[in-house]
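The values are calculated or read from the model by the stated rules, or taken from the named source; none is laboratory data. Bear in mind that the values here come from a model prediction, so they are computed numbers and not experimental data. We place every Cβ from the backbone using ideal geometry, glycine too, and count neighbours over all the protein chains shown.
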Amino acid sequence: MKKRNKRIIGLTLAVVLLMGLAGCAKDESKIVLASKPMAEQYIIAEMLTLLIEARTDITVEKKLGIGGGTSNIHPGMISGEIDLYPEYTGTGWLFVLKEDLIRDPDELFESVKNQYAQSYDIHWTGLYGFNNTFGLVVTRKVAEAYGLETYSDLAKVSENLVFGANSDFFEREDGYPGLQEVYGMDFGSIKEITIGLKYDAILTEEIDVTTIYTTDGRLEGSGLVVLEDDLGFFASYYAATLIRNETLEKHPELEAVLEEMTGLITNQEMIRLNYRVEVLNDDPVVVAREYLEEKGLY
C-alpha cells in the first residue's frame, strides 16, 4: 500500500510539474501591449494586436488607455511589465529624454531611436507615416480670400485676422510667442477660446485662425484647411511602435510583423479613422480591422 501511495504521489508531482512547465511556456508566448487614453492610440493598438495574433502564435494582453500616458507607460517598459506600445518622436525626445528641440523630422527620428537603444534598450520600429503635431487651420473661405497655403502666407496677412486658442498656447514658448518670433505673425486681435469650443468658434467665423492637432478626427468633413508649417516651427510627432529589445530577442518573428505598419497611415487617413471613433463612436477593433482589410493586410 505504501509503495502504491508513493507511486500515486510521484505521478501527481510529475503532473503538477508538467502543468507548471506548460504554464511557463504559455507565459512565454504572451506579450503585453499598452496604449495611451486616446482614440488614435486605441486604433493603432488594435491594429498591432490583430497583426501579431494573425501572423504569430503570440497572445497579446492589452492594457489600453493607461492614465498619464507616457509618464506611466515608459516606467512599465523599463521594468518589463509592458513589452510594446505606440509612441511619438517628439514625446520621446522632448518629454522622456528631455533633449532640446530638433526641427528636422528625419534627424529627430534617428536621434530618438539611437538614444532609446543606448539608454533604455528599447527599439523604435519604422514610422507609421502620420504626424500628430500642432497645426494652424483656417476656413476654406479665408484660405481662398488671402491665398493661404503656408504659415509664411498667413504671417503676411495676419494683421487682418483674428486668432483664437486656449490660454496656455499664448504663454508657451513653443506656442504663440514662438510663432511671433519665427514667422513674425502679428494678428489684428487674439481671443482665448476653450479647447472644446475652438471648432465652433472658427466655423461660425468668431475667429479666423486656430490651433488643432493635425490628426484630430473633427477635421474630417469640416472644410477647414490645415496650413503648411513651412519653416518647421512645431516639433514633429511621428508615431511608431516601441518594443523592448529583450522581447524582440525572445520573439524575433515580431520585427517583420511590426514593420508592416511602416508607412501604412497618412495624416488624412488617421483623421478619418479618428473621426470614426471620436465622432461616430465606432468600435476601435472594427475600425482597425477594416483598415487592415482595406490595405490587404488582414
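Against the condition under 21 Å from the mean Cα position of the chain (by Cα), surrounded by 15 or more Cβ atoms within 10 Å (Cβ to Cβ) and not basic (Lys, Arg), how does residue 183 come out, does it pass? Considered against the rule, which asks whether it is under 21 Å from the mean Cα position of the chain (by Cα), surrounded by 15 or more Cβ atoms within 10 Å (Cβ to Cβ) and not basic (Lys, Arg), residue 183 comes out as no.
Residues in region 51-64 that are touching a strand residue (DSSP E or B) at 6+ places or on another chain (Cβ under 9 Å) and within 25 Å of residue 271 (Cβ to Cβ): 62, 64.
Being aliphatic (A, V, I, L, M), within 30 Å of residue 83 (Cα to Cα), crowded, with 22+ Cβ neighbours inside 10 Å and in contact (Cβ under 8 Å) with a residue 40 or more places away in the chain is true of residue 127. Quick one: count up the residues across region 198-209 that are surrounded by 14 or more Cβ atoms within 10 Å (Cβ to Cβ) and over 18 Å from residue 226 (Cβ atoms). Number of matching residues: 1. Taking the conditions exactly as written (at pLDDT 95 or above, among the hydrophobic types (A, V, I, L, M, F, W, C) and surrounded by fewer than 22 Cβ atoms within 10 Å (Cβ to Cβ)), does residue 273 satisfy them or not? Spelling it out, it is not the case that residue 273 is at pLDDT 95 or above, among the hydrophobic types (A, V, I, L, M, F, W, C) and surrounded by fewer than 22 Cβ atoms within 10 Å (Cβ to Cβ). Of everything in region 186-197 that is more than 29 Å from the chain's Cα centre (by Cα) and closer than 14 Å to residue 136 by Cβ, the residue that is surrounded by the most Cβ atoms within 10 Å (Cβ to Cβ) is 187.
Check off (1) out of contact with any Leu (no Cβ under 8 Å at 6 or more places or on another chain); (2) crowded, with 18+ Cβ neighbours inside 10 Å for residue 235 and give me the number that stays unchecked. The number of the failed condition is (1). Name every residue in region 103-124 that is surrounded by 15 or more Cβ atoms within 10 Å (Cβ to Cβ) and touching a residue at least 24 places away in the same chain (Cβ under 8 Å), in order of residue number. Listed by number, the residues that qualify are 105, 108, 109, 116, 120, 122, 123, 124. Set side by side, the residues 164, 188, 178, 184 differ, and just one is within 23 Å of residue 103 (Cα to Cα), in contact with a helix residue (DSSP H, G or I) (Cβ under 6 Å, 6 or more places away or on another chain) and of a type in the set (Gly, Ala, Ser), which is 184.
Screening residue 169 on (1) modelled with pLDDT of 95 or more; (2) not hydroxyl-bearing (Ser, Thr, Tyr); (3) not in a loop (DSSP other than H, G, I, E, B) shows it passes everything except condition (1).
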